[in-house]
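Notes follow once the structure below has been shown.
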Amino acid sequence: MKPIIAPSILSANFANLAKDIEMVNRSEAEWIHIDIMDGVFVPNISFGFPVLKYVAELTNKPLDVHLMIVQPEKFIPEVKALGAHTMNVHFEACTHLHRVIQQIREAGMQPAVTINPATPVSLLADIIKDVYMVLIMSVNPGFGGQKFIEHSITKVQQLRKLIEETGSKALIEVDGGVNLETGARLVAAGADVLVAGSAVFANENPEQMIHNLRTS
Ligand code: DX5
Ligand code: ZN
């Protein structure tokens with residue numbers, strides 16, 4: 001099975017976002033990945049809803065929205081208003097994760113839970129059947145262009161096992177340091193969706209890179 005590729009526009013050229021979004025539109029990427037940061041949950045701030053409104057208008061790909069913010073449930077209406085397909089919230093940011101997942105589903109989006117590098121896969125046992133997808137962070141969230149954390153491969157294998165044992169239908173997504181080499185190993189370990197920022201947008205032929213990531 002070919003992985004779903006979700007280019008992360010965090011690494012796009014913000015002075016000419018439309019050009020980069022049109023490239024993603026033409027490409028074999030299935031989704032477009034949107035990183036929202038608040039400077040509290042992660043030590044960085046990216047972009048907010050006024051900018052994303054235009055991104056949403058320009059793209060013809062489903063929006064995969066990754067919220068690196070505290071209390072993400074406060075923004076369910078705003079994410080819904082963008083027309084998001086998937087809403088990813090961090091396990092570490094939700095005291096009442098089960099409730100938040102239900103609220104996202106009730107709002108008509110696919111709920112996904114994201115875990116940081118230090119959060120074990122085993123903590124997902126009681127939520128795995130309720131989520132559309134699990135996002136494994138393979139870098140500490142907050143910045144593009146960081147080095148892949150090797151242990152993420154083991155976490156993908158552990159998550160694949162948990163999904164099989166529980167009969168969950170959850171997809172496995174990985175985000176951070178994905179390139180042709182790590183991407184191929186992640187897919188072999190059981191990943192369904194690869195997020196790639198700098199590997200795509202720093203490449204001189206990003207469309208070709210998306211194709212290569214999908215087929216590597
Ligand atoms: C990091 C973000 C990622 C980021 C990945 O906090 O969640 O989506 O854009 O960038 P690369 O692929 O460059 O590691
Ligand atoms: Zn992300």
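Regarding segment 201-216, can at least one residue be identified that is modelled with pLDDT under 95, farther than 15 Å from residue 112 by Cα and either over 15 Å from the mean Cα position of the chain (by Cα) or more than 16 Å from ligand 2 (Cβ to nearest atom) (or both)?
Our first condition is that a residue be modelled with pLDDT under 95; within segment 201-216, this holds for 216.
Of the ones still in play, those that are also farther than 15 Å from residue 112 by Cα are 216.
Those still in the list that are either over 15 Å from the mean Cα position of the chain (by Cα) or more than 16 Å from ligand 2 (Cβ to nearest atom) (or both) too: 216.
Scanning segment 201-216 turns up at least one residue that is modelled with pLDDT under 95, farther than 15 Å from residue 112 by Cα and either over 15 Å from the mean Cα position of the chain (by Cα) or more than 16 Å from ligand 2 (Cβ to nearest atom) (or both).
Tell me the residue from 139, 134 that is of a type in the set (A, V, I, L, M) and either away from ligand 1 (no atom under 16 Å from the Cβ) or under 22 Å from residue 45 (Cα atoms) (or both), please. Show your work before the answer.
On the way: 134 fails: either away from ligand 1 (no atom under 16 Å from the Cβ) or under 22 Å from residue 45 (Cα atoms) (or both).
Among 139, 134, only 139 is of a type in the set (A, V, I, L, M) and either away from ligand 1 (no atom under 16 Å from the Cβ) or under 22 Å from residue 45 (Cα atoms) (or both).
Within segment 113-130, can you find the residues that are within 16 Å of ligand 2 (Cβ to nearest atom) and in contact with a helix residue (DSSP H, G or I) (Cβ under 6 Å, 6 or more places away or on another chain)? Walk me through it before giving the result.
Residues of segment 113-130 within 16 Å of ligand 2 (Cβ to nearest atom): 113-117, 119.
Within segment 113-130, 113, 115, 116, 119 meet the criteria.
For segment 13-47, give me each residue that is within 13 Å of ligand 2 (Cβ to nearest atom) and among the aliphatic types (A, V, I, L, M).
So in segment 13-47, the residues within 13 Å of ligand 2 (Cβ to nearest atom) come out as 31-37, 41-42, 44, 46-47.
Answer for segment 13-47, where residues must be within 13 Å of ligand 2 (Cβ to nearest atom) and among the aliphatic types (A, V, I, L, M): 32, 34, 36, 37, 42.
Can you pull out the residues in segment 32-44 that are of a type in the set (A, V, I, L, M) and either surrounded by 14 or more Cβ atoms within 10 Å (Cβ to Cβ) or more than 16 Å from ligand 1 (Cβ to nearest atom) (or both)?
Selection gives 32, 34, 36, 37, 42.
Hand me the list of strands (runs of 3 or more DSSP E) wholly inside segment 107-216 holding 1 or more residues that are of a type in the set (A, V, I, L, M) and without any contact (Cβ under 8 Å) to a residue 60 or more places away in the chain. Walk me through how you get there before you give the answer.
Values: elements: 110-115, 133-137, 171-175, 193-196.
It comes to 110-115, 133-137, 171-175.
The values are calculated or read from the model by the stated rules, or taken from the named source; none is laboratory data. Quantities reported herein were computed from a predicted structural model and do not represent experimental measurements. Cβ sites come from the backbone with ideal geometry, for glycine too, and all protein chains shown count toward neighbours.
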